[in-house]
Amino acid sequence: MSMNAFSHGLTAKTSTLQSENPDQFAKMSNSNFDYLEPTNQIEVDLIADMVAARWRLRRMWRFETAILNIEMDSQTPDFEKSFEKYGEHIRGAMAFSALADKSKGLSTALRYDIHLSRTCRSSLQELYRLQGARLRNEPTEPAKSRLNGEEQALNGDQKQGNPTHERISIPNLKA
């Protein structure tokens, strides 16, 4: 089932900033959907989560670079007076050190970096887990709930234990 991200409901309009190229987002998104081949809405949602997190992670990398460049530029006059011999790596280290000590911007960017990296990784791991279960044809049954005092399948089926539906277990996530 090869469909582009637009047909899955993931659009550049909701994910890109004015300064970002929506065509690049669409290309990245479509590439992920084509490669990972989702077959149900849960897989679509996991890929959408992963794509959105990856796009935002790339944005954070650009922001981190810009924050450091701005600090390096602001330090240039004093830096050249303080050091006879220096390289760009020293300027970068001094800028990083100054920002680490005084800037909430850099520490916030680094926290977002960690969070978005974990989101990408966990979405992909869960997708592979679900796809692996589906490909192994593991017997499954729909999730059940007590509705109106009766135990019913959440997918609306009257038959309990319909083997065509997968049971989804939600892992116990610890922060």
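Each reported figure results from applying straightforward, stated rules to the coordinates on display, with no laboratory input. Just so you know, these numbers come straight off a predicted model, no measurement behind them. We place every Cβ from the backbone using ideal geometry, glycine too, and count neighbours over all the protein chains shown.
Dipole of region 5-138, Cα-centred, from +1 at each Lys and Arg C-beta and -1 at each Asp and Glu C-beta, to the nearest 20 debye?
The calculation lands at about 240 debye.
Can you work out ³J(HN,Hα) from phi for every residue in region 111-126, in order, using Karplus 6.51 cos²θ - 1.76 cosθ + 1.60 and θ = phi - 60°, giving whole Hz and x for Gly and Pro?
After applying 6.51 cos²θ - 1.76 cosθ + 1.60, I find 5, 4, 4, 5, 4, 5, 4, 5, 4, 4, 5, 5, 5, 5, 4, 5 Hz.
Place a +1 charge on the Cβ of each Lys and Arg in region 12-88 and a -1 charge on the Cβ of each Asp and Glu, then give the dipole magnitude about the Cα centre in debye, rounded to the nearest 20.
140
If we count other beta carbons within 10 Å of each Cβ, what is the order of W55, W61, fewest first?
Going from sparsest to densest Cβ surroundings: W61, W55.
May I ask for the Rg/Rh ratio of region 79-122, computed from Cα atoms with Rh as the Kirkwood radius, given to two decimals?
We get a ratio of 1.21 for region 79-122.
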